[in-house]
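Enquirer: Below you'll find the structure I mean.
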Amino acid sequence: MKKVYWIMFSMLGLLSACNYDYSPVPPGLTPPKSTATLEAKYVSTAPNKVSSAYWSKADFHAVTAQNLSIGNLYNNGLLNMTGTYNGLSSFSGGANPNLTMKAAYDDSSLYVLLEWTDATVNISNSSWLHNGPLDPLKGDSSRGWTSQRNNDKVALAFEIDAASSSAGTFSNVGCAASCHNNQMQPQTGKVDIWDWNLALSEPFGYAGDMIADGNTGLAYDAGQKSFVRNNAGSTDTSGPAFEWDGTVQNVTRASGTASILDPAFYLLNKTPFTGDIAAGEVAFHNLSYGCYHCHGENGVGNGETGDGPAFTSASINRYSRQSFKDHAAASTHDGNSYYSSMSPTEVENVISYIRGLAGVPGYCLQQPDGSNADIISASNTNLVNVNLSPGHTQYKVLLKRKLNTGNPDDAVFNLTQSTEYVFGVALMDNDGKNHIGSLKETLKFLNK
Ligand code: HEC
């Protein structure tokens, strides 16, 4: 019994120690501190995950985000894709992104962890919507096919060859040296762009690897990119070429771990998109057996006869053509008699029409290779069964790259030549044209 009292007593002592923490920090366990620049410590164990122990103890650099490039719109056909149009005041509803960066290196690689706040997860890029919403910032029509929805991104820029613009040199003004003609394009020299994004690079566990130079502007590195446009024609109003084929979308990420891509947002295993959308719209609104009776005019839900759900969410892409038919024909579906009144051709057309309401993924994904597969990513996002509704508050993105890739389109971290490297960092919320961030930061490699 005495022992029990003793334990209870010491537990009380522990509780009060939590409330009034006078205890000095034990030597060797100094809490992480904020540093003036981004400092990379030498590590012998690779901090390969966002949850690696190193990161919880590492010092951090807090980046003060500023408006970098704002007020930009996409070309015709690309609508509602500029969530960072007003910069800081529109990024995540105007909340401070509180961007922090941490870094480490080992004998072969650099590791950079970026953490920032963005309350909404945006995960698509140029999805195909039929008669989608108008863009309040743009004049172009949204009738027929348009490309809509965008994703969240972070990008880093390092110098490859002495780059400059009228603003100055990269070493003096950072990213401003790569901005010219209001594009990512230095006047001279070359800049390396690491472009992490949720729609096109993270699915395979990479950041996009790009180069900006005076001749071509911004271009992807050599090798195969991780994506190709899902386009039946050549413009952003041509409509989709493919849809999901219904097979599980297994991928092996760059880190070697297995993952499954959610077909609501990602298109990997594909089959041609067929069907006549205009005829599908007519059949959907058929006076006797049209789906609109329950699923609402244009599929917005709240029909006059029943409480069929809206068809305007990307989750409809989780039905393959076959599982869509099975669901609509099932005895549990209130609209099964309406469905069975449709001819096989009408069914195909109606499914295509409904896909246009839900939004077909705008890109097909593919395994990147060559210099396009240099930057390996890990993050705290889940792409398997994506649930956008509760959102999340903080992104954690880890980028890993070889100090020297050996590819001519990449920046080199040659620590015998220099231990300090100027870089820029940009954040995008539901955008790919406007960004906030910092033009000039410094990465310092600390001695081994
Ligand atoms: C009499 C009302 C009614 C009609 C008419 C109707 N539905 Fe439905 N539908 C529902 C209800 C209620 C649900 C939700 C329960 C369920 O999934 O079965 C639903 C759900 C669905 C779903 C699943 C949606 C999801 O988000 O998972 C599909 C697919 C579907 N309907 C297709 C059709 C098609 C195609 C037509 C026209 C041929 C049609 N429905 C007509 C009532 C109806």
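The values are calculated or read from the model by the stated rules, or taken from the named source; none is laboratory data. Everything quoted here is computed from the prediction, not taken from an experiment. All Cβ positions, glycine included, derive from the backbone under ideal geometry; neighbour counts span all protein chains shown.
Enquirer: Please go through the range 244-281 and pick out each residue that is over 25 Å from I375 (Cα atoms) and surrounded by fewer than 18 Cβ atoms within 10 Å (Cβ to Cβ).
Expert: Residues satisfying the conditions are D245, G246, T247, V248, T271, P272, T274, D276, A278, A279.
Enquirer: Pick out the one residue from A254, A232, A283, A222 that is of a type outside the set (D, E, K, R) and part of a helix (DSSP H, G or I).
Expert: A283
Enquirer: Has the range 414-423 got at least one residue that is touching a helix residue (DSSP H, G or I) at 6+ places or on another chain (Cβ under 9 Å), assigned to a loop (DSSP other than H, G, I, E, B) and either β-branched (V, I, T) or not assigned by TED's automatic domain parsing to the domain that holds A119 (or both)?
Expert: The answer is no, given that none of the residues of the range 414-423 is touching a helix residue (DSSP H, G or I) at 6+ places or on another chain (Cβ under 9 Å), assigned to a loop (DSSP other than H, G, I, E, B) and either β-branched (V, I, T) or not assigned by TED's automatic domain parsing to the domain that holds A119 (or both).
Enquirer: Which is touching a Pro at 6+ places or on another chain (Cβ under 7 Å), under 19 Å from F423 (Cα atoms) and touching a residue at least 60 places away in the same chain (Cβ under 8 Å), of S226, S178, S171?
Expert: S178
Enquirer: Looking at this structure, is F265 under 19 Å from I123 (Cβ atoms) and of a type in the set (F, W, Y)?
Expert: Judged against the criteria, F265 is a match.
Enquirer: What number of residues within the range 425-442 are in contact with an Asp or Glu (Cβ under 7 Å, 6 or more places away or on another chain) and assigned to a strand (DSSP E or B)?
Expert: Count: 3.
Enquirer: Which numbered condition in (1) hydrophobic (A, V, I, L, M, F, W, C); (2) within 15 Å of R355 (Cα to Cα); (3) buried (at least 20 other Cβ atoms within 10 Å of the Cβ) is the only one that A310 fails?
Expert: Condition (3) is where A310 drops out.
Enquirer: Let me ask you something else. From the list I160, I193, which one is surrounded by fewer than 24 Cβ atoms within 10 Å (Cβ to Cβ) and either among the charged types (D, E, K, R) or not in a loop (DSSP other than H, G, I, E, B) (or both)?
Expert: It is I160.
Enquirer: For the range 334-351, how many residues are over 19 Å from G303 (Cβ atoms) and over 39 Å from the mean Cα position of the chain (by Cα)?
Expert: 1
Enquirer: Right, something else. How do the pairs read when you match residues in the range 102-126 that are surrounded by fewer than 19 Cβ atoms within 10 Å (Cβ to Cβ) with residues anywhere that are modelled with pLDDT of 95 or more and acidic (D, E), using Cβ under 9 Å and keeping only pairs 6 or more apart or on different chains?
Expert: Pairs that qualify, where the first residue is surrounded by fewer than 19 Cβ atoms within 10 Å (Cβ to Cβ) and the partner is modelled with pLDDT of 95 or more and acidic (D, E), are T120/D152; T120/D429.
Enquirer: Specify the residue that is farthest from L267 (Cα to Cα); the eligible residues are those in the range 300-326 that are within 9 Å of the ligand (Cβ to nearest atom) and of a type in the set (D, E, K, R).
Expert: By that ranking, first place goes to D307.
Residues checked against (1) assigned by TED's automatic domain parsing to the domain that holds I354; (2) in contact with a Gly (Cβ under 8 Å, 6 or more places away or on another chain); (3) modelled with pLDDT under 95:
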position: L134; (1), (2), (3): no, no, no
position: W145; (1), (2), (3): no, yes, no
position: R149; (1), (2), (3): no, yes, no
position: D152; (1), (2), (3): no, no, no
position: F158; (1), (2), (3): no, no, no
position: A163; (1), (2), (3): no, yes, yes
position: S166; (1), (2), (3): no, no, yes
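Enquirer: Another question about this same structure. Scan the range 88-130 for residues that are assigned to a helix (DSSP H, G or I) and not hydroxyl-bearing (S, T, Y) and jot them down.
Expert: L88, F91, G93, G94
Enquirer: Being surrounded by fewer than 19 Cβ atoms within 10 Å (Cβ to Cβ), more than 16 Å from the ligand (Cβ to nearest atom) and among the hydrophobic types (A, V, I, L, M, F, W, C) narrows it down to one residue among L399, L403, L383, L365; which is it?
Expert: After ruling out the rest, the residue left standing is L403.
Enquirer: Please verify whether G391 is surrounded by fewer than 19 Cβ atoms within 10 Å (Cβ to Cβ), modelled with pLDDT of 95 or more and over 24 Å from N131 (Cα atoms), treating the condition exactly as stated.
Expert: no
Enquirer: In this structure, is K190 more than 23 Å from the chain's Cα centre (by Cα) and either outside the structural domain of Y111 (by TED's automatic domain parsing) or in contact (Cβ under 8 Å) with a residue 60 or more places away in the chain (or both)?
Expert: Considered against the rule, which asks whether it is more than 23 Å from the chain's Cα centre (by Cα) and either outside the structural domain of Y111 (by TED's automatic domain parsing) or in contact (Cβ under 8 Å) with a residue 60 or more places away in the chain (or both), K190 comes out as yes.
Enquirer: Which of the residues spanning the range 327-348 are part of a helix (DSSP H, G or I) and within 6 Å of the ligand (Cβ to nearest atom)?
Expert: Matches in the range 327-348: H327, A328, Y338, Y339.
Enquirer: Another question, if that's okay. Give the range 290-299 a look and list any residue that's near the ligand (Cβ under 10 Å from one of its atoms) and surrounded by fewer than 16 Cβ atoms within 10 Å (Cβ to Cβ), or say none.
Expert: If the condition is that a residue be near the ligand (Cβ under 10 Å from one of its atoms) and surrounded by fewer than 16 Cβ atoms within 10 Å (Cβ to Cβ), then no residue fits.
Enquirer: Residues to consider are G28, G87, G83, G93; find the one that is at pLDDT 95 or above and on the phi > 0 side of the Ramachandran plot.
Expert: Within the list G28, G87, G83, G93, the selection yields G87.
Enquirer: Next up: Check whether at least one residue in the range 353-361 is near the ligand (Cβ under 8 Å from one of its atoms) and closer than 20 Å to W128 by Cβ, and report yes or no.
Expert: Yes, the conditions are met somewhere in the range 353-361.
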